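Any read-out appearing in this document is the output of simple, stated calculations on the displayed coordinates, not a laboratory observation. All values reported here derive from a predicted model rather than from experimental measurement. Cβ: placed from backbone, ideal geometry, glycine included. Neighbour counts: every protein chain shown.
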Number of protein chains: 2
Amino acid sequence: MNRLIVLILIVAVNYFSQIDKSENWIDLSYTFDDQTVYWPTNETYKMEVVFKGINDKGFYYSSNKFCAEEHGGTHLDAPIHFAADRKTADEIPLSSLIGNAIVVDVSESALADRDYLVSVDDFLKWEEKHGEISDQTIVLIRTGYGKFYPDKKKYLGTELKGTEGVANLHFPGLDPKAAEWLIKERNIKAVGLDTPSIDYGQSTEFMAHRILCEKEIPIFENVANLDKLPENKIYVIALPMKIKDGSGGPLRIIAKIL
Amino acid sequence: MNRLIVLILIVAVNYFSQIDKSENWIDLSYTFDDQTVYWPTNETYKMEVVFKGINDKGFYYSSNKFCAEEHGGTHLDAPIHFAADRKTADEIPLSSLIGNAIVVDVSESALADRDYLVSVDDFLKWEEKHGEISDQTIVLIRTGYGKFYPDKKKYLGTELKGTEGVANLHFPGLDPKAAEWLIKERNIKAVGLDTPSIDYGQSTEFMAHRILCEKEIPIFENVANLDKLPENKIYVIALPMKIKDGSGGPLRIIAKIL
């Protein structure tokens with residue numbers, strides 16, 4: 001009988017650990033291409049073919065080069081983006097980029113109001129359904145604006161470039177009071193969302209950024225495919241390009257449903 | 001008694017699944033900076049500060065932009081790099097970039113001969129110790145040259161640039177016959193190593209690349225910290241920048257010891 005228990009245990013543990021190591025990862029990253037969304041004052045992503053075709057040795061070869069601002073497309077904001085002497089992109093430990101995650105869906109409110117601020121109440125509503133947000137959770141906010149990407153008029157609120165574009169940005173963001181609450185009351189690990197900025201489009205003071213960066217909380221912006229995730233029991237791996245002294249950078253972020 | 005068994009099962013499964021979700025990830029990626037190693041004919045990585053300091057609103061802000069070739073630093077070679085009509089960087093499924101991995105340590109032979117070709121025998125020696133390489137394994141080859149990175153003279157064999165630099169490249173690589181064997185006989189998922197190229201420095205035909213790319217096998221180059229891994233029971237997550245039509249690109253690759 002003891003042997004049977006041990007056998008059952010071994011089979012069960014192997015079975016469950018295989019489930020956990022399953023490769024059903026969901027990609028939460030947009031491609032970098034000529035449609036990639038950047039801040040109106042940023043230069044856009046540019047890729048150039050270095051070589052493509054049959055070379056002088058007679059075999060196929062292709063290679064490209066590209067230029068990019070750090071804060072476009074699916075990307076990381078490192079704490080130093082809005083807080084002096086905080087961590088750069090390459091300094092963020094992997095443990096701050098990987099872990100259990102939740103999706104807080106505010107799309108009903110946010111799609112009805114382009115200037116919507118995600119509030120403490122929105123998180124409390126999530127908690128009514130799922131229980132208190134655990135320590136060191138990666139919080140993903142689904143505003144629903146992901147479905148507009150990369151249509152700049154619909155996603156950003158404007159196609160204009162430069163300071164005129166900035167003045168006309170209209171997309172939802174995180175209320176600075178909620179940013180404060182997520183840190184102090186829920187000790188979150190990181191935060192991400194499906195808009196170009198954690199601060200809403202009309203922000204001029206960028207207080208949500210400043211509060212999160214001050215406390216070394218990594219921010220993930222232009223996160224894709226949040227509609228493909230449940231609200232709870234998610235595991236996220238967010239791997240930014242390891243840019244020395246980077247204030248952020250291109251991010252490949254993936255999720256698994258636990 | 002049945003309840004006891006169920007209880008033991010629940011505890012054990014939770015215990016082991018927590019171990020599996022532990023966050024002891026090891027970073028196998030170098031930073032991108034002005035020392036990043038590129039092919040002698042490539043342009044080097046360049047980063048430019050866009051803004052850094054207190055802005056006109058009175059708060060700290062920093063942001064940068066950068067230009068890079070796809071194939072420098074820790075990076076992916078997508079199948080299309082050396083095979084027409086094969087997958088681009090953005091098209092490679094996550095399941096081809098994530099999975100169980102092994103480290104084949106050939107550093108003793110490779111450090112004794114800068115032009116060393118990793119052979120089928122090297123993999124058979126690994127198998128003598130650990131058993132046959134499983135289907136869909138990510139094979140990491142440790143030549144030992146990682147310890148020289150980013151010293152170009154020691155790592156590449158030359159500090160020269162351009163075609164003169166290419167002629168003087170001396171670092172170990174994978175024997176094309178072994179590339180063929182890994183695909184046909186062991187059905188590997190991906191391959192990586194701690195040198196700038198899967199083909200050795202003196203290669204002119206790039207046959208290992210061509211064989212692997214033809215068969216849609218992703219290649220990881222300039223992989224860091226392979227000396228920090230055991231030879232077996234590793235789990236690897238390799239997330240390249242999602243470059244549309246990319247022949248490769250900056251790669252963040254991490255590993256966990258199972």
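Worth a mention:
- Highest-MSF residue in chain B out of B:PRO40, B:PRO218, B:PRO93 [GNM, Cα springs under 10 Å]: B:PRO93
- Taking the protein assembly as shown, the Cys residues with no second Cys beta-carbon under 4.7 angstrom are A:CYS213, B:CYS213.
- Global geometry of region B:19-113, whether rounded, prolate or oblate, following the gyration tensor of its Cα atoms and the 1.5 cut on a/c: prolate
- Kirkwood hydrodynamic radius over Cα pairs of chain B, then Stokes diffusion coefficient at 25 °C and 0.890 mPa s, in µm²/s: 125 µm²/s
- Within chain B, helix-based [θ] at 222 nm, where runs of 4 or more DSSP H residues each add -39,500 (n - 2.57), nearest 500: -7000 deg cm²/dmol
- When each full DSSP H helix of chain A is screened for a Cα extent of at least 24 Å along its own axis and an average Kyte-Doolittle hydropathy of at least -1.0, the helices passing are A:2-20.
- Within chain A, the longest run free of exposed loop sites, counting GluC sites (Glu not before Pro) that sit outside DSSP helix and strand states (H, G, I, E, B) and have at most 16 other Cβ atoms within 10 Å, spans A:44-131.
- Working from the Cα coordinates of the protein assembly as shown, the gyration tensor eigenvalues give, after taking √(5λ), semi-axes of 38, 32, 18 Å in decreasing order.
- Cα shape, region A:26-172, gyration tensor, a/c 1.5 rule: prolate
- Separation between Cα centres of region A:24-98 and region B:186-203, rounded to whole Å: 24 Å
- Along the axis of the charge dipole computed for region A:24-257 (Cβ charges of +1 for Lys and Arg, -1 for Asp and Glu, origin at the Cα centre), the listed residues A:ASN24, A:SER96, A:TYR235 are led at the positive end by A:ASN24.
- For the residue pairs B:LYS129/B:LYS233; A:LYS242/B:LYS242; A:LYS256/B:LYS242; A:LYS215/B:LYS228; B:LYS65/B:LYS242, the alpha carbons lie more than 20 Å apart in A:LYS215/B:LYS228.
- Considering only B:ASP56, B:ASP194, B:ASP115, the mean-square fluctuation computed in a Gaussian network model of chain B, springs between alpha carbons under 10 angstrom, is largest for B:ASP56.
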